[in-house]
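Accompanying notes for the structure given below.
The values are calculated or read from the model by the stated rules, or taken from the named source; none is laboratory data. Here the structure is a predicted model, which is why all the values come from computation and not from measurement. Reconstructed Cβ throughout: ideal geometry from the backbone, glycine too, with neighbour counts over all protein chains shown.
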Amino acid sequence: MGTYLSRTFSGANTSRKTFTLSFWVKRAKLGSAAIISAETTSNFYDQIIFVSSDQLDVNNVASGSDVISFKTNAVFKDPSAWYHVVIGIDTTQASSSNGVKIYINGVLQTSFASSTYAQDATFEIGRDGSTTSIGRRQRDQDLYGVGYLAEFYYVDGQQKVATDFGETDSTTGIWKPKTYSGTYGNNGFRLEFKNSGALGTDTSGNSETFTVTNADTTNQVVDTPSNVFATLNPVAGAYNNNTTIGQGALQNTTGGDNSQYFASMGVTKGKWCWEVKINSGDMAIGIFNKIPHVAIAMGDNDYSVMAQLYYSAGGSSGSVNRYQYNSTNYYNIPAGFGNDDSGTIYQFLLDLDSGTKTWIVRRAGDASTQGSFTLPSGFLNGDFIIPGYSVTSSWPATQQQWNFGNPPHSIASGNSDANGYGNFEYAVPSGYYALCTENLNTYG
């Protein structure tokens, strides 16, 4: 069971036929996941979800049958992007094009895989006596794990447009958030997720605060539509048998089978910092200058494109303290470096700006225990260099948590880079930066 928010409304809507939803969403996994849903009885419910084919579906069911059903032809498969979704409903309109308007990043969608419409249909979201959930499907209590959400609005009684909530940046041309300045109606709300201890707080003035279930302070993140941080990429990988990506695509758990995953961002220049917390198992954590296509199984010869630290929890794998490139092993990590108890956090530093390109690994952020490796010239062939990991079926089950500045676990100290970005356990060395879009724009 995942994290979700819920509220049972008391008090009549301004309108059950006219309303607007606006929210930003960043996907942490592909496939079926609920954004917002509501149920009054088992035959009267609404659901706005990503379906298994990664299309967005706006669905209203009455008396057990679809009354409103709009599924986009567009698919949403970019786990490194925030999408702005605005859904304006006014079923008093005779035509479906006026009754249901869906905007993605400011663009009105006009192509749909399905478009069922009934004039004067009534919705359950925000209805007096109904339970509305964000982050799960209320009717079946499933489809958890949509990913990240920001700036979530429900405007009761008005059909608004995308420019009420977003605008195009005049410098970059990128669609960005804008604070809504209108009224909310009887049951409208705005969730800014600003209070880590009360993420469901409504700041619209209507006091329609949601109850948060299965959350702690780590559920509030610094990854936002204005500054996007790297995660593990559920699209780019190989094998990935018996593997679960969770915690906002920052935690990986394998069942002791072949698995490889890579970060959602790569670099060709700059100096970068990230951390990995090892919770269990053996793995090879490293940097790649090539990643496979998803549908192509990788053979062992593909290891020639990576530089990696072999890690063994408790020293069980027998291949500890090894740095590998082009099938050549370099044992220049300090002795015992890879044999640590569960919970050890490693700091990784990548320098692509200096005359000598280096990759540095520090146990617990301690420079006195670091291994520093000069990257071979063949590794720097102009491709993007991407953090990642590899696990083979001969190794035990493993779990690691990745922090590119947006930690999925509690941080005891808290350190940002020189630009004030990121939240790390250990101090970020001078000149190194968190892997996020604000820094990539300057240094990447």
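Could you grab me the full set of residues in region 23-40 that are more than 15 Å from ILE104 (Cα to Cα) and more than 11 Å from the chain's Cα centre (by Cα)? Give the steps one after another, and end with the answer.
So the first thing to find is which residues in region 23-40 are more than 15 Å from ILE104 (Cα to Cα), and the list is 28-34, 36-40.
Matches in region 23-40: GLY31, SER32, ALA33, ALA34, ILE36, SER37, ALA38, GLU39, THR40.
Would a scan of region 45-63 turn up a residue that is crowded, with 16+ Cβ neighbours inside 10 Å and not in a strand (DSSP E or B)? Give the derivation first.
So in region 45-63, the residues crowded, with 16+ Cβ neighbours inside 10 Å come out as 45-51, 54-62.
Okay, now just the ones that are also not in a strand (DSSP E or B), so 51, 54.
Within region 45-63, one or more residues are crowded, with 16+ Cβ neighbours inside 10 Å and not in a strand (DSSP E or B).
Check region 125-144 and report whether any residue there is in contact with a Pro (Cβ under 9 Å, 6 or more places away or on another chain) and in a loop (DSSP other than H, G, I, E, B).
Of the residues in region 125-144, the ones in contact with a Pro (Cβ under 9 Å, 6 or more places away or on another chain) are none.
Scanning region 125-144, I find no residue that is in contact with a Pro (Cβ under 9 Å, 6 or more places away or on another chain) and in a loop (DSSP other than H, G, I, E, B), so the answer is no.
In the list SER37, SER96, SER42, which residue meets the criterion of being over 30 Å from LEU232 (Cβ atoms) and modelled with pLDDT of 95 or more?
Going through SER37, SER96, SER42 in turn, just one is over 30 Å from LEU232 (Cβ atoms) and modelled with pLDDT of 95 or more: SER96.
Just one of VAL75, VAL61, VAL67 is under 16 Å from ARG137 (Cβ atoms) and not polar (S, T, N, Q); which is it? Full working, then the answer.
Working: VAL75 fails: under 16 Å from ARG137 (Cβ atoms); VAL67 fails: under 16 Å from ARG137 (Cβ atoms).
Result of the check over VAL75, VAL61, VAL67: VAL61.
Would you check if there is a residue in region 256-264 being outside the structural domain of GLY388 (by TED's automatic domain parsing), at pLDDT 90 or above, in a loop (DSSP other than H, G, I, E, B) and not aromatic (Phe, Trp, Tyr)? Quick ask: steps written out before the conclusion?
Going residue by residue through region 256-264, those that are outside the structural domain of GLY388 (by TED's automatic domain parsing) are none.
No, because not a single residue in region 256-264 is outside the structural domain of GLY388 (by TED's automatic domain parsing), at pLDDT 90 or above, in a loop (DSSP other than H, G, I, E, B) and not aromatic (Phe, Trp, Tyr).
Under the condition of being in contact with a Leu (Cβ under 8 Å, 6 or more places away or on another chain) and part of a loop (DSSP other than H, G, I, E, B), which residue from region 70-93 is surrounded by the fewest Cβ atoms within 10 Å (Cβ to Cβ)?
LYS77
Can you find, within region 391-414, the residue that is nearest to LEU435 (Cα to Cα) among those that are modelled with pLDDT under 90 and either outside the structural domain of GLY246 (by TED's automatic domain parsing) or buried (at least 16 other Cβ atoms within 10 Å of the Cβ) (or both)?
GLN400
Kindly indicate the residue of region 355-390 that is in a loop (DSSP other than H, G, I, E, B) and touching a strand residue (DSSP E or B) at 6+ places or on another chain (Cβ under 8 Å) and also modelled with the lowest pLDDT among those meeting that condition.
Let us first name the residues in region 355-390 that are in a loop (DSSP other than H, G, I, E, B), namely 355-357, 364-366, 370, 375-376, 380-384.
Of the ones still in play, those that are also touching a strand residue (DSSP E or B) at 6+ places or on another chain (Cβ under 8 Å) are 356-357, 364-365, 370, 375-376, 384.
On the way: THR356: 84, LYS357: 84, ALA364: 82, GLY365: 85, GLN370: 76, LEU375: 74, PRO376: 68, PHE384: 80.
Taking the candidates together, the pick is PRO376.
Among the numbered criteria (1) assigned to a strand (DSSP E or B); (2) at pLDDT below 95; (3) aliphatic (A, V, I, L, M), which single criterion is violated by ILE102?
Here ILE102 meets the rest and fails (2).
Among the residues of region 168-197, count how many are surrounded by 15 or more Cβ atoms within 10 Å (Cβ to Cβ) and not basic (Lys, Arg).
Number satisfying all stated conditions: 12.
Consider region 434-444. How many of its residues are of a type outside the set (Gly, Ala, Ser), in contact with a strand residue (DSSP E or B) (Cβ under 6 Å, 6 or more places away or on another chain) and within 15 Å of PRO387 (Cβ to Cβ)?
Residues meeting the conditions: 3.
Can you list residue pairs whose Cβ atoms sit under 7 Å apart, with the first residue in region 132-145 being closer than 19 Å to GLY200 by Cβ and the second being of a type in the set (A, V, I, L, M) and assigned to a loop (DSSP other than H, G, I, E, B)? Count only pairs 6 or more apart in sequence or on different chains.
Once the first residue is closer than 19 Å to GLY200 by Cβ and sits in region 132-145, its partners that are of a type in the set (A, V, I, L, M) and assigned to a loop (DSSP other than H, G, I, E, B) give THR132/ILE125; GLY135/VAL146; ARG136/LEU143; ARG137/LEU143; TYR144/MET1; GLY145/ALA28.
Looking at the structure I just gave you, is VAL146 at pLDDT 95 or above, surrounded by 22 or more Cβ atoms within 10 Å (Cβ to Cβ), under 27 Å from the mean Cα position of the chain (by Cα) and of a type in the set (A, V, I, L, M, F, W, C)? So that I can check it myself, show each step before the final result.
On the way: at pLDDT 95 or above: no; surrounded by 22 or more Cβ atoms within 10 Å (Cβ to Cβ): yes; under 27 Å from the mean Cα position of the chain (by Cα): yes; of a type in the set (A, V, I, L, M, F, W, C): yes.
In short, no.
For GLU151, are the conditions met, namely being acidic (Asp, Glu), surrounded by fewer than 15 Cβ atoms within 10 Å (Cβ to Cβ), in the same structural domain as THR213 (by TED's automatic domain parsing) and within 28 Å of the chain's Cα centre (by Cα)?
Working: acidic (Asp, Glu): yes; surrounded by fewer than 15 Cβ atoms within 10 Å (Cβ to Cβ): no; in the same structural domain as THR213 (by TED's automatic domain parsing): yes; within 28 Å of the chain's Cα centre (by Cα): yes.
In short, no.
Tell me, please, whether a residue that is part of a strand (DSSP E or B), among the aromatic types (Phe, Trp, Tyr) and crowded, with 18+ Cβ neighbours inside 10 Å can be found in region 9-17. Step through it out loud before you land on a result.
Going through region 9-17, the residues part of a strand (DSSP E or B) turn out to be none.
Within region 9-17, none of the residues are part of a strand (DSSP E or B), among the aromatic types (Phe, Trp, Tyr) and crowded, with 18+ Cβ neighbours inside 10 Å.
Take THR437 and decide whether it is modelled with pLDDT of 95 or more, β-branched (Val, Ile, Thr) and buried (at least 17 other Cβ atoms within 10 Å of the Cβ). If you could, list the steps in order and put the result at the bottom.
Details: modelled with pLDDT of 95 or more: yes; β-branched (Val, Ile, Thr): yes; buried (at least 17 other Cβ atoms within 10 Å of the Cβ): yes.
So THR437 passes the test.
Enumerate the pairs (first residue in region 425-444 and over 14 Å from ASP223 (Cβ atoms); second residue anywhere and β-branched (Val, Ile, Thr) and at pLDDT below 95) with beta-carbon separation below 7 Å, excluding pairs fewer than 6 apart on the same chain, so at least 6 apart or on different chains.
GLU425/ILE345; GLU425/ILE411; GLY444/VAL267
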